Every structure is written in structure tokens, then in C-alpha cells.
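Here's the structure we're looking at; comments come further down.
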Amino acid sequence: MVSNGTLDIRIPSDVQQIEAIVQLVVRRCAEHRFAGRQLALNVPVALTEALSNAILRGNGDDARKQIRVRVDVTDGQLVLEVEDEGE
């Protein structure tokens, strides 16, 4: 779902989903003219780490659970929220 520069996505708890979400967020950041280093390193590393932690640790690698990713991108600011279904 997209609303006013905000993405709210639910994905299966599967590490194979990570790359597509990272690419989507990086594209969104590029549209808002984020610096090259942020696009190539900072955003992908931070989001990959958050998603893998949510899938592997939060959800215990349980494919029956989901991950919710909320992204708000504006010029110069990125807010990411990653929520798992674990305790």
C-alpha cells in the first residue's frame, strides 16, 4: 500500500523477500535524491539487517508468520519500521 510517500507492506517471513523490499526502498530514496553512499550502503545494510533479524530471530524463521514494513520517505529523511510477529 502506498499513501503520501508512505509504504506499508506485509511480507512472508522468508529471507528471500528481503532483496525485493530493499530495492523498493532504495528506489524510493533515490526519487527523493538521497546521496549515493546512502543508496549504495547505508539504507540497504540497515534495512537488510532489520528484516533478517525480524525473520530469523523475531519470527523464529517461521514461514507462517509475517513481517510488516512501514517506510516514510521525504526529502532528506527516511523512517523505517520493521515489525515481526514474535514475542
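The values are calculated or read from the model by the stated rules, or taken from the named source; none is laboratory data. Values in this document were obtained by computation on a predicted structure and should not be read as measured data. We place every Cβ from the backbone using ideal geometry, glycine too, and count neighbours over all the protein chains shown. Calculation scope for accessible area: heavy atoms of the full protein, side chains included, ligands and nucleic acids excluded. Shrake-Rupley method; radii C 1.70, N 1.55, O 1.52, S 1.80 Å.
Miscellaneous remarks
- Against the chain, whose longest principal axis comes from its Cα atoms, helix 18-31 is set at around 20 degrees.
- Just the protein heavy atoms count here, and of the accessible area of the chain at 1.4 Å, carbon and sulfur take up 46 percent.
- Heavy-atom surface of the chain, accessible at 1.4 Å and reported per residue (Å²): 63
- Rough spin-label spacing in nm, given labels placed 7 Å along Cα→Cβ, for Glu49 and Gln77: 2.3
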